[in-house]
Amino acid sequence: MIWLVNVTGIFLLVFIIWWFWLSLPKRVLPVGSVVDIQVLDGVYTPARIEIAKDQDVVLRFHRLDPDACAEIVRFDDLGIRLELPLNAIRDVHICIETPGEYSFSCDMNMYQGSLIVT
Ligand SMILES: [Cu+2]
C-alpha cells in the first residue's frame, strides 16, 4: 500500500505546483498587449482588466456613447486624464510597477472600471 501513498503524494505535489505557479500566468495578458475597451451605455466593457506588473499595455478606448459624461476617462492613481471624442479610438499606454487595484472612471465617477495589477 506504500506505493499508493507515494503516488498520491506525488500527485498532490504536482497539483500544488500547478495551482500556485503554473496556472497563474494564464490570467494575465502577454507583453505588449492591447486591450479594447468599449465605452457604451454607461459602462466600460470590459470594466475589470487584469494585467501583470511591469507589463507594457495599451488600453484602447472606443467611445460609442454620445452622453457627455463619457468624454473623459481618468486614472486618478496614475495621473492620467484623457479626452475621448465620440466614435473615435484613443490609446492609453501604461506600465505599472506596483501590484494593486487601480480604478478609472469618467469625470463624474459614473462610468467605472478597474485595473488589477498582479
Ligand atoms: Cu460621468
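The values are calculated or read from the model by the stated rules, or taken from the named source; none is laboratory data. Just so we're clear, the structure is a prediction, and the values are computed from it rather than from any experiment. No Cβ is skipped: glycine too gets one built from the backbone with ideal geometry, and neighbour counts run over all protein chains shown. The area values use the complete protein model at the heavy-atom level, side chains included, leaving out ligands, DNA and RNA. Shrake-Rupley method; radii C 1.70, N 1.55, O 1.52, S 1.80 Å.
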Report task. Treat each spin label as a single point 7 Å out from the Cα along the C-beta direction, and report the Leu78 to Gln38 distance in nm. Result -> 2.2 nm
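Mind listing which trypsin sites (Lys or Arg not before Pro) in region 51-118 are in a DSSP loop and have 14 or fewer other Cβ atoms within 10 Å? Mind showing how you got there, number by number?
Details: sites: Lys53, Arg60, Arg63, Arg74, Arg81, Arg90; in loops: Lys53.
Sites meeting the loop and neighbour criteria: Lys53.
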Requested in this report: Before anything else, pin down the relative contact order of region 31-117: Cα pairs under 8 Å, at least 6 apart, normalised by residue count, whole percent.
Outcome: 33 percent
Query raised in the report: Pulled fully out, how much extra length does the chain show between Leu86 and Asp54, if you take 0.36 nm times their separation in residues and subtract their Cα-Cα distance?
Result: 8.4 nm
Requested in this report: Could you list which residues have their amide H under 5 Å from that of Ile72, counting only those 5 or more apart in sequence or on another chain, with H placed in the peptide plane?
Outcome: Leu84, Asp107
Report summary line: In units of 2.2 N^0.38 Å, the Cα radius of gyration of region 31-117 is 1.00
Query raised in the report: What list of ³J(HN,Hα) couplings, whole Hz, do you get for region 50-61 from phi and the Karplus terms 6.51, -1.76, 1.60, once you set θ to phi - 60° and write x for glycine and proline?
Result: 9, 9, 8, 5, 6, 9, 6, 10, 10, 9, 9, 7
Query raised in the report: Accessible area, 1.4 Å probe, largest first: how do Trp18, Trp3 sort?
Result: Trp3, Trp18
